[in-house]
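Shown next, in structure tokens, is the structure this report addresses.
The values are calculated or read from the model by the stated rules, or taken from the named source; none is laboratory data. For clarity, every value in this text was computed on a predicted model and none was experimentally measured. In this analysis, Cβ positions are derived from the backbone assuming ideal geometry, glycine residues included, and neighbour counts consider all displayed protein chains.
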Amino acid sequence: MTDIQTLIRAVDEADSSTHLLEAVQALAIAHTQAAIPSLIAALGYNNPGAAVAAVDGLIRLGEPSVLPLLEQLDGYNYGARAWAVRALAGIGDPRGLTILLHAAQNDFAMSVRRAATKGLGSIHWEKLEDDRIQSAQLQALEALLHVSQDHEWIVRYAAILSLQSLAIEGSKSRPDWLAQIQTRLDELAETDESLTIRARVRLAQQQIQNAGV
């Protein structure tokens, strides 16, 4: 087995884009928490392939990656922050909720808004204290209703996926939320300019119905 320090050193000493990509991929595959700082650092190396590998590795490591990501967000350049948002979205830890809410509604990059919006539908709400779940879900609902009006169809598509998840998740405790979601889906089905969006809305409505909501 390759020593983890050797893998970390390979990332630090990579002398080309190709070598950096290979080193980050190997470090991500090692699946060890000791790799987290180096994987986070790789998000800022201006190497998209290495950043994708690092994001995948951080997502696979899951919860232990969240706090280090959050602690280093403020000092990041935009590119690194955008990749960090993707990692937080993939992990789905509620500690990343504030970051995802902001990115979904405000980030100028379509791909980041899409990732954050999709992440809002994958939050592990059960990790929150019981008395905080509904208020957090309400924040997500309000953001998703807003994002469902995004000018990019791919972001609206992600919003539909997440609204579907939230409808199924919160329907028993808050039927008024379900009514808001159903109203918005009906509006999209009737008025959205994209045939793809209208088709996905119909599927979402069917999936919600099939879930017994």
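Observations
- Selection count, region 108-121, where residues are among the hydroxyl-bearing types (Ser, Thr, Tyr) and at pLDDT below 95: 1
- Matching helices (runs of 4 or more DSSP H) fully within region 1-120 where at least 3 residues are under 13 Å from the mean Cα position of the chain (by Cα): 48-61, 78-91, 97-106, 110-120
- A residue that is in contact with a Leu (Cβ under 6 Å, 6 or more places away or on another chain) and either β-branched (Val, Ile, Thr) or farther than 16 Å from GLY92 by Cα (or both) can be found somewhere in region 161-176.
- When ARG9, ARG81 are checked against the criterion of being free of Cβ contacts under 8 Å to residues at least 24 places away in the same chain and over 20 Å from ALA103 (Cβ atoms), a single residue qualifies: ARG9.
- Matching option when the condition is of a type in the set (Val, Ile, Thr), farther than 17 Å from VAL24 by Cα and touching a helix residue (DSSP H, G or I) at 6+ places or on another chain (Cβ under 8 Å), among ILE59, ILE99: ILE99
- Against the test of being in a helix (DSSP H, G or I), at pLDDT 95 or above and crowded, with 20+ Cβ neighbours inside 10 Å, the options ALA140, ALA199 yield a single qualifying residue, ALA140.
- Residue match in region 98-121 (condition: closer than 18 Å to ILE168 by Cα and among the polar types (S, T, N, Q)): yes
- Unmet requirement for ARG81, which otherwise passes all of (1) among the basic types (Lys, Arg); (2) modelled with pLDDT under 95; (3) assigned by TED's automatic domain parsing to the domain that holds VAL201: (3)
- GLY96 modelled with pLDDT of 95 or more and crowded, with 22+ Cβ neighbours inside 10 Å: yes
- Output for region 147-180, where each listed residue is modelled with pLDDT under 95 and β-branched (Val, Ile, Thr): ILE168
- Among residues of region 115-136 that are closer than 19 Å to ALA204 by Cβ, those with a Cβ under 8 angstrom from a residue that is surrounded by fewer than 24 Cβ atoms within 10 Å (Cβ to Cβ) and hydroxyl-bearing (Ser, Thr, Tyr), sequence gap 6+ or separate chain, pair up as GLY121/SER165; SER122/SER165.
Here's the yes/no breakdown for (1) in contact (Cβ under 8 Å) with a residue 24 or more places away in the chain; (2) aliphatic (A, V, I, L, M); (3) assigned by TED's automatic domain parsing to the domain that holds LYS118:
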| site | (1), (2), (3) |
| --- | --- |
| TRP153 | yes, no, yes |
| ARG156 | yes, no, yes |
| ILE160 | yes, yes, yes |
| ASP176 | no, no, yes |
| GLU190 | no, no, yes |
| ARG200 | yes, no, yes |
| GLN205 | no, no, yes |
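- ALA23 being touching a residue at least 12 places away in the same chain (Cβ under 8 Å), closer than 15 Å to GLY90 by Cβ and surrounded by 15 or more Cβ atoms within 10 Å (Cβ to Cβ): no
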